[in-house]
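Below is one structure, written out as structure tokens; the observations come after it.
We did not get these values from a lab; they are worked out from the coordinates using the rules stated. Small disclaimer: the values here were computed from a predicted structure and weren't measured. A quick note on method: Cβ atoms are made from the backbone with ideal geometry, for glycine too, and the neighbour counts reach across all protein chains shown.
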Amino acid sequence: MKALIQQHFPSFEPALVEELASAGQLRQFPAGEILMKTGQYFRSTMLIVEGLVKVYREDEEGNEFFMYHLQPGQACALSMICAVKHEASEIMAKTVADTTVISIPLEHMDAWMTRYKSWYYFVLESYRNRLEEMLLTIDQIAFRNMDERIVFYLKQHQQTLQTNKIPISFTQIAQELNSSREVISRLMKKLSDKGLVRLHKQYIEIVDLDKLLT
């Protein structure tokens with residue numbers, strides 16, 4: 001536990017690492033597991049130490065709207081806010097890959113805010129980073145057409161996964177961009193015809209999308 005904390009959260013003070021290792025619980029989840037549901041109340045928060053988590057909104061009909069990813073070394077700021085204010089979650093979170101987290105009981109999280117500067121700054125930085133990511137997503141929705149949104153979406157996944165091969169289907173993209181599979185299929189074919197992506201059965205291979213974002 002200590003080694004994982006020190007590896008992924010190097011800014012934490014030694015005393016905080018000790019408390020985290022003592023109070024935290026290491027939990028593992030397979031890919032596709034729901035970690036947070038709309039309407040859920042939190043008794044703990046989670047630090048990601050391995051894997052990848054997708055945070056999104058879901059409407060009454062089950063349509064998904066992608067918000068951002070959580071990677072090792074990060075935590076969900078929105079769940080922290082809900083936990084501290086004792087409010088129900090308005091977001092969903094699901095593992096994209098097999099994921100390991102450190103689960104921290106709420107009472108420790110609150111106490112560490114005043115006891116450890118590194119925890120205080122980590123929480124503030126988590127708020128700021130997630131807010132910036134959400135503003136970028138909102139900008140894409142409000143000011144971009146679907147052609148531009150899909151390029152932005154693919155670039156996000158490329159940077160998050162650190163690979164040019166994005167293991168995602170047209171149906172998943174349509175769900176997360178609140179579009180139809182037919183529209184996404186048409187737009188992906190346009191990108192493929194231009195030589196900017198290659199379409200495979202199990203993944204989308206990014207060749208060169210940078211010039212479309214400039």
Next on the checklist: Can you give me the angle between helix 117-143 and the longest principal axis of the chain, using Cα atoms only, in degrees from 0 to 90, rounded to the nearest 10?
Outcome noted: 20 degrees
Item to check | Length added when fully stretched, S22-T38, from 0.36 nm per residue minus Cα-Cα | outcome: 2.8 nm
Next on the checklist: Less than 12 Å Cβ to Cβ from L16, Lys/Arg counted +1 and Asp/Glu -1: what total charge do the surrounding residues give?
Outcome noted: 0
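Report relative contact order for the chain in percent, whole number only (criteria: Cα-Cα under 8 Å, sequence separation at least 6). Intermediate results must be reported in sequence, preceding the final value.
Details: 342 pairs, mean separation 43.8, N = 214.
It comes to 20 percent, rounded to a whole number.
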Next on the checklist: Can you classify the range 144-213 as rounded, prolate or oblate using the Cα gyration tensor, where a ≥ b ≥ c are the square roots of its eigenvalues, rounded means a/c under 1.5, and otherwise it's prolate if a/b beats b/c and oblate if not?
Outcome noted: rounded
Checklist entry - Among V96, V151, which comes first, then next, by fewest other beta-carbon atoms within 10 Å? => result V96, V151
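Given Cβ point charges of +1 (Lys, Arg) and -1 (Asp, Glu) and nothing else, what value in debye, to the nearest 20, does the dipole of the chain about its Cα centre take?
That gives a dipole near 500 debye.
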Next on the checklist: Report the gain in length on full extension from K85 to D193: 0.36 nm times residue separation, minus Cα-Cα distance, nm rounded to one decimal.
Outcome noted: 33.9 nm
Next on the checklist: Here are labelled values, [x] 77, 47, 31; [y] 64, 33, 31; [z] 56, 35, 31, and one is the computed Cα extents along the principal axes in Å for what I pasted. Which one?
Outcome noted: [z]
Checklist outcome for this item: Each label sits 7 Å from Cα toward the beta-carbon; between K201 and E60 the label points are separated, in nm, by 4.1 nm
Checklist entry - Ranking M109, M46, M1 by Cβ neighbours within 10 Å, fewest first, what do you get? => result M1, M109, M46
Checklist entry - Using the count of nearby Cβ atoms within 10 Å as a rough guide to exposure, how do C76, C82 rank from fewest to most? => result C82, C76
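Determine the sum of side-chain charges near L161: Lys and Arg each +1, Asp and Glu each -1, restricted to other residues whose C-beta is under 15 angstrom from that of L161.
Numbers: positive: K54, K155, K165; negative: E50, D98, E176, E205.
Every neighbour counted, the sum reads -1.
Find how much the distance from S185 to T171 grows on full extension, using 0.36 nm per residue of separation minus their present alpha carbon separation; answer in nm with one decimal. Before the final figure, lay out each step's value.
Numbers: separation 14, 0.36 × 14 = 5.04 nm, distance 0.88 nm.
The S185-T171 span can extend by a further 4.2 nm.
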Item to check | Cβ-based net charge around R198, under 15 Å, with every Lys or Arg adding one and every Asp or Glu removing one | outcome: +2
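At a Förster distance of 30 Å, what's the computed FRET efficiency of S11 paired with A97, Cβ-Cβ distance as r, to 0.05? Each step should come with its number before you reach the end.
On the way: r = 25 Å, r/R0 = 0.83.
Computed FRET efficiency for S11 and A97: 0.75.
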Next on the checklist: Going Cα to Cα from K194, which aspartates and glutamates come in below 18 Å? Please leave out same-chain ones fewer than 8 positions away.
Outcome noted: D147, E148, E205, D208, D210
Item to check | Residue-wise HN-Hα coupling along the range 77-83, computed from phi with Karplus coefficients 6.51, -1.76, 1.60 (Hz; x: Gly, Pro) | outcome: 5, 5, 5, 5, 4, 4, 5
